Amino acid sequence: MLCVVEEPLDVLAIERSRAYNGRYHVLHGAISPVEGIGPEDLRIEELAQRVQKGAFREIIMATNPTLEGESTALYLQRRLTGSDVRLSRLARGLPVGGDLEYTDEVTLGRAMEGRETLS
């Protein structure tokens, strides 16, 4: 597996969770037209080359749940579609200990869409 993150500190955050044991690819940013950051400014071509070599079964898009992170994940999905690898995205939803009353509608909507079957 290969986990794609925006910044080096994201690797540390995922490592602290102890929920992933694989390789990483750091993009060194996210696509942000407002800030003048396009796909060519990130390490996307290097990612495509790594995927093309066929060493991975799954690519996990672990970009931040921001407009820039979502745009970057969507761009990567389109860029990597057609390769013989499973593409996945980190789950999104409610934090443990959170309160529905104070949750924004986008987060609550994504939590509803990504709900899990109990039985």
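Computed over the chain with a Gaussian network model linking Cα atoms closer than 10 Å, the most mobile of 92, 18, 57 is 18. Here the chain carries DSSP beta bridges of which approximately 10% are antiparallel, counting only pairs with both residues inside.
Of 72, 81, the order by accessible heavy-atom surface (1.4 Å probe, DNA, RNA and ligands excluded), from most exposed downward, is 81, 72. Identify which of 19, 48, 62 has the largest mean-square fluctuation in a Gaussian network model of the chain, with springs joining Cα atoms closer than 10 Å. Fluctuation is largest for 19.
Counted by Cβ distance under 12 Å from residue 84, the other residues give a net charge of +2, where Lys and Arg count +1 and Asp and Glu count -1. Each residue of segment 4-20 was assigned a 3J(HN,Hα) from its phi angle through the Karplus expression (A = 6.51, B = -1.76, C = 1.60, θ = phi - 60°), giving 9, 10, 7, 10, x, 5, 5, 4, 4, 4, 5, 4, 4, 6, 6, 9, 9 Hz with x at Gly and Pro.
In this view, the solvent-accessible surface of residue 112, computed with a 1.4 Å probe and all protein chains in place, comes to about 120 Å². The fraction of accessible area contributed by carbon and sulfur in the chain is 51 percent, rounded to a whole number (1.4 Å probe; ligands and nucleic acids excluded).
Please list 106, 34 in order of solvent-accessible area, largest first, computed with a 1.4 Å probe with all protein chains present. It would help to have the intermediate numbers written out before the result.
Details: 106 85, 34 140 Å².
These residues rank, largest area first, as 34, 106.
Rolling a 1.4 Å probe over the protein heavy atoms leaves residue 35 with an accessible area of roughly 130 Å². This model, with +1 at the C-beta of Lys and Arg and -1 at the C-beta of Asp and Glu, gives the chain a dipole about its Cα centre of some 700 debye.
Rolling a 1.4 Å probe over the protein chains gives residue 66 an accessible area of about 60 Å².
Ranking 109, 87, 14 by how far each Cα lies toward the positive end of the dipole of the chain (charges on Cβ) leaves 87 at the top.
The values are calculated or read from the model by the stated rules, or taken from the named source; none is laboratory data. Predicted model, so just to flag it, every value in this text is computed and none were measured. Glycine gets a Cβ as well: all are built from the backbone with ideal geometry, and neighbour counts include every protein chain shown. For accessibility, only protein heavy atoms count, side chains too; no ligands or nucleic acids. Shrake-Rupley method; radii C 1.70, N 1.55, O 1.52, S 1.80 Å.
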